[in-house]
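Trainee: Would you mind keeping the following structure in view while I ask a few things?
What follows is calculated from the coordinates using simple rules that are stated; it is not laboratory data. What you see is a predicted model, and the numbers here were worked out from it, not measured in a lab. With ideal geometry, Cβ positions are generated from the backbone for all residues, glycine too; neighbour counts draw on all protein chains shown.
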């Protein structure tokens, strides 16, 4: 990790964004789900988005193909969390490893904007 | 030293009961560790809209709360995924706070993971912590330690919170 300046810090870690659909979610304890997934994947997991029918998470240090190989195990681990009910359509619907951008070659942007928007 | 603190969780998923709020008890515990005689209140979650968040902050300050902590909505991911939480807490604080200090963490893909803002609204100190439990816990502990050292040094408080957040990612 290194900092661009004092109050803008770039975190140099690899992560893969995984989305699971086909679940019913109500009253989920995110800590419990993260713990179940961490035990399964032996890596840090952060739940970053939850709706009534989907889960989105960052998985650190695991490649896309390895996530897909573990699809059944991941779905089973998810099903153990209180507040989640699987439907027949439960699946990993997307797996995307983040792409590195050159932070030194970035157009200027307005305050509060996400830096990524500068490449869009 | 604050005497009346308001904890404001934000998020449509909290307001709808889809996920449980496990952050607020941790925030309350740390605020009471600073001042055990303070009145600390947690209100119902506020939806992810700037006007709703700003309105609740102003209402709380007008009602005499001299410390306001907002939970969640500190990132930038909703611009890229419609199912991610809307991140309007930091932008709400940007609009209304004075004597503001801020720091942001970015991924190497350029996405803003989290922006921490602290500042004043009149005599009320207002700041945010990220929504994920581990990050919320780390940043409120850093706030507690730094605030106890010098409650007026907002730059140092913000820096210590950002350092604590960085450390959650292996720094």
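Trainee: Translational diffusion coefficient of the range A:11-97 at 25 °C, 0.890 mPa s, Stokes-Einstein with Kirkwood Rh over Cα pairs, in µm²/s as a whole number.
Mentor: For these conditions, the coefficient is 194 µm²/s.
Trainee: Take every residue in peptide A:60-71, count the Cβ atoms of other chains within 10 Å of its Cβ, and give the average of those counts.
Mentor: For peptide A:60-71, the averaged partner shielding equals 0.
Trainee: Now for a different question. If you count, for every residue in B:99-105, the Cβ atoms of partner chains within 10 Å of its Cβ, what is the mean?
Mentor: Mean partner-chain Cβ count within 10 Å for B:99-105: 4.
Trainee: For the ranges B:127-133, B:43-49, what's the packing order if you count other beta-carbon atoms within 10 Å of each residue, average per peptide, and put the highest first?
Mentor: Highest to lowest by the protection proxy: B:127-133, B:43-49.
Trainee: Moving to a separate point now. Could you tell me the distance between the Cα centroids of the range A:62-92 and the range B:113-171, to the nearest Å?
Mentor: 34 Å
Trainee: Return the calculated 222 nm mean residue ellipticity for chain B, to the nearest 500 deg cm²/dmol, obtained by summing -39500 (n - 2.57) across DSSP H runs with n ≥ 4 and dividing by the residue count.
Mentor: Details: 6 runs with 68 residues, N = 171.
So the calculated ellipticity at 222 nm is -12000 deg cm²/dmol.
Trainee: Could you tell me how many cubic angstrom of Cα convex hull volume the range B:89-171 has per residue? Could the numbers behind the result be given before it?
Mentor: Numbers: hull volume 7.4 nm³, N = 83.
Convex hull volume per residue, Cα atoms: 89 Å³.
Trainee: Take chain B, connect every pair of alpha-carbon atoms lying under 10 Å apart with a spring to form a Gaussian network, then pick out the residue of B:137, B:124, B:22 with the largest mean-square fluctuation.
Mentor: Greatest mean-square fluctuation among the candidates belongs to B:22.
Trainee: Calculate, for residue A:72 and residue A:26, the FRET efficiency according to 1/(1 + (r/R0)^6) with r their C-beta to C-beta distance and R0 35 Å; round to the nearest 0.05.
Mentor: My answer for the efficiency is 0.90.
Trainee: Shifting gears a bit: Rounded if a/c is under 1.5, else prolate if a/b is larger than b/c, else oblate: which is the range B:4-167, with a ≥ b ≥ c the root eigenvalues of its Cα gyration tensor?
Mentor: rounded
Trainee: Hey, another quick one. If we count other beta carbons within 10 Å of each Cβ, what is the order of B:31, B:20, fewest first?
Mentor: With the fewest neighbours first, B:31, B:20 line up as B:20, B:31.
Trainee: Counting DSSP beta bridges in the range B:4-167, what percent are antiparallel, to the nearest 5?
Mentor: In the range B:4-167, approximately 40 percent of DSSP beta bridges are antiparallel ones.
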